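Okay, so here's the structure we're looking at.
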Amino acid sequence: MFHFLVMSGINFFSAENLELCLGYVLVFCNDSVHIELSTTPFCCWTSWHGQLVSLFYHFARKTVVFLAAFGMLLLYLNVLQFIMKDYNFCSFHSGLIHVACVCAGHNTSRDVITLVKSILFHRKNPLHFHFITDAVAHKILAPLFQSWLVPSLQVSFYDADNLKPEVAWVPNKHYSGIYGLMKLTLTKALPTDLAKVIVLDTDITFATDIAELWAVFRKFSGPQAIGLVENQSDWYLGNLWKNHKPWPALGRGFNTGVILLLLDRLRRIDWEQMWRLTAERELMSMLSTSLADQDIFNAVIKQNPFLVHQLPCFWNVQLSDHTRSEQCYTEVSDLKVIHWNSPKKLRVKNKHVEFFRNLYLTFLEYDGNLLRRELFGCPSQPSSESLRLQSALEELDEDDQCYEFRRERITVHRVHLYFLQYEYTPTEDDADVTLVAQLSMDRLQMLEAICKHWEGPISLALYMSDAEAQQFLRYGQASEVLKNRKNVGYHVVYKEGQFYPVNLLRNIALRHVNTPYVFLADVDFLPMYGLYSYLRKSITQLDMSHTKKALVVPAFETLRYRLSFPKSKAELLSMLDMGTLYTFRYHVWTKGHAPTNYAKWRTATTPYKVEWECDFEPYVVVRRDCPEYDQRFVGFGWNKVSHIIELDAQEYDLVILPNAFMIHMPHAPSFDISKFRSSSSYRYCLSMLKEEFHQDLSRKYGAAALKYLTAERNI
């Protein structure tokens, strides 16, 4: 052996000979090379280096045979040359792993994120996700991945509507509906140059590096083109209940929650024609599928057993009610992939279910920001957004006293739109209005009350951690009030940084409004009963579609946690006179709402116009194409004031509504207002941001903007 090593020199180190050398195995997957010792893959050339140096030292010390040691040194040098010259282990091409999922609707769009987190947590390779989505899932997932900024990750979307004609003719009783059949179409849906792909259900959790599963492709032999784990229930044996007649299957059948597909082989044997003919034949007697695509895959394999490569059961440990999954593994450490393939999901019965549940919850509540890490030794081409962010960061001065404020402005937060089920039907009068607000976890209790006071559509941005988002999900699913409201869009913005990004949250809620008008409110306020219908009438009467108007809803407050909410303006005035209610912030920040002219409002019966004044920050109704909020203002201070200035600069008329009101409910001071009150540095930075805002305003609106700076300096 060693004589052969020395004599053959550099020509020896072909891929074929390396497979025979000293128990090392070269694993080829998607043109990438991995070295394996036992079952551990080494994905970067540094692992080759360490293993071979150790091996060289071992032989030199143990055998004291110079020829052997010299041969091993040649092996090391030539393998290193082989790697560096012919292969780039961590390039986006050679190490790229392709994963496909079918994803439709709000719930599945949430579930798939837990799957993605579990994959990203363990992975050491670049990934390319291929999502077959409906319009809802695409609207959610596209901005989510765009804002996630995960390095070495590509995402592609394919419209499920284009694939529906391929499978719509197949009757399906499974709860997944037509989307449960979409995996049959992947040879057509995915790019023709894509040779192989791992296909996953969204209720999967990975407990290992997905590269290990990808490496199984090399074990396919002959005509094998589909890798599957045997079904771990007795479903296809037909003995679960009397007269149970399942689709035909090979033995116990196979589960399609995890599939390895050699797409190029399937295309060569005309997979589309094969599954169609099989389905047509079986449907004549079965009438419909019970387990969606799984029934058809099994029927095809029954007729063509050569197609299947059986995967070890730990690649799909199935946790449905009738499975015998515990027979698949001896220790929970043996697990690779957990499949929650039961409508009961986490409530399924299994003796190790607590372990499985904890593993799932780990990724469910895991901070997704931590998955933005670079892959060591695997550089990738950064996205345009990453380059823009890096450039903006380099322009900041870290010695600047207000560095953290300026950095917050360019921070990219992960955004999960429409976190819960959302439905909206446009009104015929084209005067519909959405209440827009933002909140954090400590204001969650206001949601039910707001929904009771406002029957119209609502757009909310919620600032939460991953764990808090799951708390909110449980709260929303348990609340009878929230469950019955489908016209509320909940948009989760994940926490990052030390400040509360109030204006970013407002802008996200504003951007995802479906009505022509918006009521820009805060979550601490309860609108008067009937305000929704009153605003719609006012919008029409004041011809807002053809004029620039901002309708002001006068704000009041109570210091009582329990309030008998006034049902009319007359009741409100009575409570105002009795001291139960006050004009908003009259004792703390009178200027904020003084231009409303509450004295005039008491007797007003028609809308009246007011002029802008310094520090005016009313709550207004405007067209949804209004200016966005200035995101430089975070935490406490000037976040609404700056927006009203912008409206005035764009010549919006401020019109007070005579029969509208909203009441601020008491709550503990926010963390940001506490910092404002206690930190001179915080107040200094806010003044600097105000100065820069005025400068930008002057550049944007010219001399007309000088009045705002003058008013500010005259205070």
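The values are calculated or read from the model by the stated rules, or taken from the named source; none is laboratory data. Remember, predicted model here, so these are calculated numbers, not experimental data. All Cβ positions, glycine included, derive from the backbone under ideal geometry; neighbour counts span all protein chains shown.
In this structure, does LEU291 turn out to be within 17 Å of ASN316 (Cα to Cα) and either in contact (Cβ under 8 Å) with a residue 40 or more places away in the chain or outside the structural domain of ARG123 (by TED's automatic domain parsing) (or both)? Here the answer is yes, as LEU291 does meet what is asked.
When LEU263, LEU237 are checked against the criterion of being in contact with a strand residue (DSSP E or B) (Cβ under 7 Å, 6 or more places away or on another chain), assigned by TED's automatic domain parsing to the domain that holds GLY180 and either under 23 Å from LEU200 (Cα atoms) or modelled with pLDDT under 95 (or both), LEU263 stands alone in meeting it.
The residues of the range 126-140 that are more than 22 Å from GLU212 (Cβ to Cβ), surrounded by 22 or more Cβ atoms within 10 Å (Cβ to Cβ) and either over 14 Å from the mean Cα position of the chain (by Cα) or not small (Gly, Ala, Ser) (or both), listed by number, are PHE131, ILE132, THR133, ILE140.
Residues in the range 273-300 that are of a type in the set (A, V, I, L, M) and surrounded by 21 or more Cβ atoms within 10 Å (Cβ to Cβ) were compared, and the one that is nearest to GLY180 (Cα to Cα) is ALA292. If the condition is being over 25 Å from SER670 (Cα atoms) and either free of Cβ contacts under 8 Å to residues at least 40 places away in the same chain or not assigned by TED's automatic domain parsing to the domain that holds VAL621 (or both), then the range 428-451 contributes only GLU428. Residues satisfying the criterion are present in the range 92-99 (criterion: farther than 17 Å from PHE157 by Cβ, modelled with pLDDT under 95 and buried (at least 23 other Cβ atoms within 10 Å of the Cβ)). Of all residues in the range 101-129, how many are touching a Gly at 6+ places or on another chain (Cβ under 9 Å) and in a loop (DSSP other than H, G, I, E, B)? So the answer is 4. For the range 583-598, check the following and say yes or no: at least one residue is over 26 Å from GLU691 (Cα atoms) and aliphatic (A, V, I, L, M). No - not one qualifying residue is present in the range 583-598. Got at least one residue in the range 667-682 being among the aromatic types (Phe, Trp, Tyr), farther than 21 Å from ASP524 by Cα, assigned by TED's automatic domain parsing to the domain that holds SER568 and surrounded by 15 or more Cβ atoms within 10 Å (Cβ to Cβ)? So far as the range 667-682 goes, yes, one or more of its residues are among the aromatic types (Phe, Trp, Tyr), farther than 21 Å from ASP524 by Cα, assigned by TED's automatic domain parsing to the domain that holds SER568 and surrounded by 15 or more Cβ atoms within 10 Å (Cβ to Cβ).
Restricting attention to the range 488-514, the residues being part of a loop (DSSP other than H, G, I, E, B) and either acidic (Asp, Glu) or crowded, with 23+ Cβ neighbours inside 10 Å (or both) number 2. Filtering the range 607-621 to residues that are surrounded by 21 or more Cβ atoms within 10 Å (Cβ to Cβ), of a type outside the set (Phe, Trp, Tyr) and out of contact with any His (no Cβ under 8 Å at 6 or more places or on another chain) leaves VAL620, VAL621. Scanning the range 141-151 for residues that are in contact with a strand residue (DSSP E or B) (Cβ under 7 Å, 6 or more places away or on another chain) and either surrounded by fewer than 17 Cβ atoms within 10 Å (Cβ to Cβ) or touching a residue at least 60 places away in the same chain (Cβ under 8 Å) (or both) yields ALA142, PRO143, LEU144, SER147.
Scanning the range 525-543 for residues that are modelled with pLDDT of 95 or more and assigned to a loop (DSSP other than H, G, I, E, B) yields MET528, TYR529, GLY530, LEU542.
Among residues of the range 155-175 that are assigned by TED's automatic domain parsing to the domain that holds ALA137 and on the phi > 0 side of the Ramachandran plot, none has a beta-carbon under 9 Å from a residue that is surrounded by 15 or more Cβ atoms within 10 Å (Cβ to Cβ) and part of a strand (DSSP E or B) at least six positions away or on a different chain.
Taken over the range 271-305, the residue count meeting the criterion of being touching a Gly at 6+ places or on another chain (Cβ under 7 Å), assigned to a helix (DSSP H, G or I) and not polar (S, T, N, Q) is 1. Look at (1) of a type outside the set (Val, Ile, Thr); (2) within 21 Å of LEU190 (Cβ to Cβ); (3) in contact (Cβ under 8 Å) with a residue 12 or more places away in the chain and you find that ARG276 fails only one, number (3).
Within the range 257-270, being assigned to a helix (DSSP H, G or I) and over 33 Å from the mean Cα position of the chain (by Cα) holds for ARG265, ARG268. Among the helices (runs of 4 or more DSSP H) confined wholly to the range 359-470, which include 1 or more residues that are surrounded by 20 or more Cβ atoms within 10 Å (Cβ to Cβ) and not small (Gly, Ala, Ser)? Of the helices (runs of 4 or more DSSP H) lying wholly inside the range 359-470, those with at least 1 residues that are surrounded by 20 or more Cβ atoms within 10 Å (Cβ to Cβ) and not small (Gly, Ala, Ser) span 403-410, 446-453. Quick check: anything in the range 642-652 more than 22 Å from VAL523 (Cα to Cα), aromatic (Phe, Trp, Tyr) and either assigned by TED's automatic domain parsing to the domain that holds ASP543 or surrounded by fewer than 21 Cβ atoms within 10 Å (Cβ to Cβ) (or both)? Checking the range 642-652: at least one residue is more than 22 Å from VAL523 (Cα to Cα), aromatic (Phe, Trp, Tyr) and either assigned by TED's automatic domain parsing to the domain that holds ASP543 or surrounded by fewer than 21 Cβ atoms within 10 Å (Cβ to Cβ) (or both).
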